[in-house]
Amino acid sequence: MKFVDEYRDGELAKKLASRIAASVRPDREYAFMEFCGGHTHAISRYGVEDLLPANVRMVHGPGCPVCVLPVGRIDTAIRLARNPSVTLCTYGDLMRVPGSNGTSLMKAKAEGADIRMVYSTLDALRIAEAEPAREVVFFAIGFETTTPPTAVAIKLAEKKGLNNFTVFCNHVLTPSAIQNILESPDVRDLGTVQIDGFVGPAHVSTVIGTEPYAFFAEEFQKPVVIAGFEPLDVLQAVAMLIDQVNEDRHEVENEYTRAVTAEGNAVAKAEVAEVFELRRSFEWRGLGEVPYSALKLKAKYAAFDAEARFDLQYIPADDNPACECGAILRGVKEPAECKLFGTVCTPETPMGSCMVSSEGACAAHWTYGRFRAASRVKRAS
Amino acid sequence: MNRPEKPFRRKLDIKNGRVDLSHGAGGRAMAQLVADLFVAAFDNDMLSAGNDQAAFDVSEGRMVMTTDGYVVSPLFFPGGDIGSLSVHGTINDVAMAGARPLYLSASFIIEEGFALSDLSRIVGSMAAAARDARVKIVTGDTKVVERGKADGVFISTTGVGVVPEGLNLSADAARPGDKVLLSGTIGDHGIAVMSKRENLTFDTEILSDSAALHGLVAAMVAAGGPGLRLMRDPTRGGLAATLNEVAASSGVGFKLEEAAIPVRPQVHAACEFLGLDPLYVANEGKLVAVVAPDHAEAVLTAMRAHPLGLDAAPIGEVVADDNRFVQLTTAFGGGRIVDWLSGDQLPRIC
Ligand code: SF4
């Protein structure tokens, strides 16, 4: 493209790639988990893998908010949307995530449920103001980045005295998920999943800072490098991780200094702390119940909590048994190892959440990377 | 001596009037709308004759015919409106066969309550677009539907044209080794519409590239002759969808160079902001051509000599590939597929 973007510069990438190639030890494998869907997307979108030596492997992590939402939560949203007085506002990506029994928000909408696609919490708030007769519910998902805007919207709704705006809160926390993966038997005891370090979240870390990761680096002896979402950021982070591994260090380093500080964003954190509190436990797709891994509205804001207003009971539900999203989100399997990948399951007809969002490992691999598998087959035959 | 009765007692109130159901009911009100607005604007003998059809002589050789519906929202966007779009889009579909467009028909579905001033603006812009392209709008139809049953106005246009002797462009004609030429920057139309819809403002406004391409096509045909394999205008689904269609029809793959694909900096920036990929964003005044290697240079030179092809660039080539993948070497240096678009391209959420 004519627009030269300094974080996508092909020349710099080439230089960095040869530095990486020179620094890896030929006698070992390196496997790094990129936690965030944003990184998964950047890696696939720019073909970052092609610039890494053969013995450096990226493992996709669970940091895609659409992917980790369990079926039971989608079912709850669909039940809510079928309430004739409710207008459910949601991000577009969630529309196609399969719920139980082949349902989805998209299908519920086609059957007459009032479901609207929005780009932000504030869009939903605007709808609530414009249509006072409707019960407007915002289907909130996302990691620490999207939580502050939800908190701001709730406080704004309170200030405006809106009594027809509620939030169905599914905000989850990054550090608890990373800890869960590191404590899983696959990584800790069985060694079936090799993880030598983490490419840490970009946007999430602008909010929470780098400090929360110090614990993993220390406790699990794994290096963490916080990186931005541009491909050069990822490449640079991989170079830093390789150096740490080679030097037997396990520190939290920050590649994304242009946006991330040690403490994070104090104002945003304060907003969140005022409105939200920890849930005792929350179900994640792939990880199961993870203690203290999600947020709910404080009792003080119960008037804006859809779970309280509509007395929503959580009914857990199973994934499609053939779908390997769970194992993929834990880094245990790769998309191509799923029998449904590319046959029954494609972005047009997703069977699991990982095929829905462009940040999902299956969708990223299908949309950008499947020529690699095809050329491997050709070479082998 | 009595003066003949005036056909319509009152003038059409274009400034403040609105379309009502009577304008589609087949009575005097409808006749007046047709006469004062459409016939007056499109202004040609065939339409003025007042028949339900247009009659014209058929020329020698092959004719092409195409039809398209236009439902763009908003109706007016930077660089164009639904009227000019409905003329350019259909002319381009005719032109992609290498044909010279001759006549258009236009059918309007108008929502009750639509401002006559807006309708008149749209019709005026259609007339201007047709005049500039030297194409006549020779027949048409008007329907009015109740409020809420349409979104302002929908327009369908049909176009006919003639193909020069010996030219046979077709989506199944791409062969390995052929070159891929793009006539200019991509994504301008889609981003112009999106920026209006999302209320985005930029330092320099992004204009739709909506334009009639048959002049450029004629120049390319003259330069490339039988070396031209096929041409497509990458509208909905963008360059990505177009090349995937061709790959499927011709049973080949593509290898593209991202760095060679021209994108305006503002479009690039807007795509970043909206989480879109310019390869998937619609264009309304660009074409992509597949040309035999030994004719590519001549066609490219002809393109660059035309005002609508100043930024034309070779962006890659056709390769043999049973998987029919459209592959791209990213500006970053890696490889990836450019797949069909699935669903709507939506902004990233975290
Ligand atoms: S390919 Fe589809 S079914 Fe298989 S793991 Fe991925 S999302 Fe699930």
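Some values worked out for this structure:
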quantity	calculated
In degrees, nearest ten, helix A:37-46 long axis to first principal axis of chain A (Cα)	50 degrees
Charge dipole magnitude, Cβ of K and R +1, D and E -1 - the range B:24-124, Cα centre, debye nearest 20	100 debye
Antiparallel bridges, percent of DSSP beta bridges restricted to the protein assembly as shown (to nearest 5)	55 percent
Per-selection Rg to Rh, the range A:247-315 - Cα, Kirkwood hydrodynamic radius	1.12
Rounded percent of accessible protein surface that carbon and sulfur make up, the range A:273-366, 1.4 Å probe	55 percent
Selected from A:F138, A:F216, A:F35 as most flexible by GNM, with chain A as the system and alpha-carbon contacts under 10 Å	A:F216
All lysines inside 16 Å of B:K179 as judged from Cα atoms, apart from same-chain residues fewer than 8 positions distant	B:K255
Of all DSSP beta bridges in chain A, antiparallel share, percent nearest 5	20 percent
Charge-dipole axis of the protein assembly as shown as Lys and Arg at +1 and Asp and Glu at -1 on Cβ define it, positive-most pick from A:P53, A:A110, A:F341	A:A110
Distance histogram in 10 Å bins (all Cα pairs of the protein assembly as shown, percent per bin)	3, 13, 20, 22, 19, 13, 7, 2, 1, 0, 0, 0
Efficiency of FRET between A:E29 and B:K149 - r from beta-carbon atoms, R0 45 angstrom, step 0.05	0.10
222 nm mean residue ellipticity, helices alone, for chain B (DSSP H n ≥ 4; -39,500 (n - 2.57); rounded to 500)	-8500 deg cm²/dmol
Crossing angle, helix B:293-304 versus chain B [Cα axis fit, 0-90 degrees, rounded to tens]	50 degrees
Dipole moment magnitude, nearest 20 debye, the range A:251-322 about Cα centre, only Lys, Arg, Asp, Glu C-beta charged	320 debye
Unit Cα scatterers, Debye sum, the range A:160-291: log10 I(q)/I(0) for q = 0.09, 0.11 Å⁻¹	-0.32, -0.47
Rg over Rh, two decimals, the range A:75-168 (C-alpha only, Kirkwood Rh)	0.96
Loop chymotrypsin sites (Phe, Trp or Tyr not before Pro), the range A:239-342 (other Cβ atoms within 10 Å of the site Cβ: 14 or fewer; DSSP)	A:Y292, A:Y314
Unsatisfied cross-links (Cα-Cα over 29 Å) in the set A:K298/B:K196; A:K159/A:K296; A:K107/A:K339; A:K107/A:K155	A:K298/B:K196; A:K107/A:K155
Ellipsoid equivalent to chain B - semi-axes via the Cα gyration tensor, in Å	39, 25, 15
³J(HN,Hα) computed for each position of the range A:138-145 - Karplus, 6.51 cos²θ - 1.76 cosθ + 1.60, integer Hz, glycine/proline x	9, 7, 8, 9, x, 8, 4, 5
Accessible area (Å², 1.4 Å probe, nearest 10) - A:V267	100 Å²
Ratio of the Cα radius of gyration of the range B:81-171 to 2.2 N^0.38 Å, where N counts its residues	1.22
Longest site-free stretch - chain B; sites: chymotrypsin sites (Phe, Trp or Tyr not before Pro), DSSP loop, at most 16 other Cβ within 10 Å	B:203-350
Which of A:R126, A:R57 is most accessible, then next, and so on - probe 1.4 Å	A:R126, A:R57
Selected from B:I109, B:V72, B:V94, residue furthest toward positive end of dipole (the range B:1-137; charges at beta carbon)	B:I109
Interchain or long-range residues, amide H under 5 Å from B:V319's placed H	B:G177, B:G253, B:F254, B:K255
The range B:179-337, relative contact order [Cα under 8 Å, separation at least 6], %	43 percent
D (Stokes-Einstein, µm²/s), Kirkwood Cα radius, the range B:21-163, 1.567 mPa s at 4 °C	84 µm²/s
Charged-residue dipole, Cβ positions (Lys, Arg, Asp, Glu), the protein assembly as shown about Cα centre, Debye nearest 20	1460 debye
Degrees separating the helix B:188-197 axis from the principal Cα axis of chain B, which is the longest one	60 degrees
In Å², nearest 10: area of A:D311 left accessible to a 1.4 Å probe	110 Å²
Value of relative contact order over chain B, rounded to a whole percent, pairs C-alpha under 8 Å and six or more apart	21 percent
Averaged over A:142-153, number of beta-carbon atoms from partner chains that fall within 10 Å	1
DSSP bridge orientation in the range B:179-337 - percent antiparallel, rounded to nearest 5	85 percent
Residue mean of other protein chain beta carbons inside 10 Å, A:113-121	1
Hydrodynamic radius (Kirkwood) for the range B:93-230, which is based on Cα pairs only, to one decimal in Å	18.0 Å
Loss of accessible area when B meets A, both sides summed, Å² nearest 100, probe 1.4 Å	3300 Å²
Viscosity 0.692 mPa s, temperature 37 °C, Stokes-Einstein D of the range B:256-315 from Kirkwood C-alpha radius, µm²/s	251 µm²/s
Per residue, the convex hull volume that the Cα atoms of the range B:179-337 enclose (Å³)	109 Å³
Overall form of the range A:1-70 per C-alpha gyration tensor (a/c, 1.5; a/b vs b/c)	oblate
The range A:8-132, Rg to Rh (Cα coordinates; Rh as Kirkwood inverse mean 1/r)	1.19
Using distinct alpha-carbon pairs, which all enter the 1/r mean, Kirkwood radius of chain A in Å	21.6 Å
Selection from A:I178, A:Y213, A:F282 lying farthest towards where the dipole of the range A:164-299 points positive, charges on Cβ	A:F282
Number of partner chain Cβ atoms within 10 Å, mean per residue of A:10-16	3
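The values are calculated or read from the model by the stated rules, or taken from the named source; none is laboratory data. If you're wondering where the values come from, they're calculated on a predicted model, not measured in any experiment. Cβ sites come from the backbone with ideal geometry, for glycine too, and all protein chains shown count toward neighbours. Note: areas computed on protein heavy atoms with side chains; ligands, DNA, RNA excluded. Shrake-Rupley method; radii C 1.70, N 1.55, O 1.52, S 1.80 Å.
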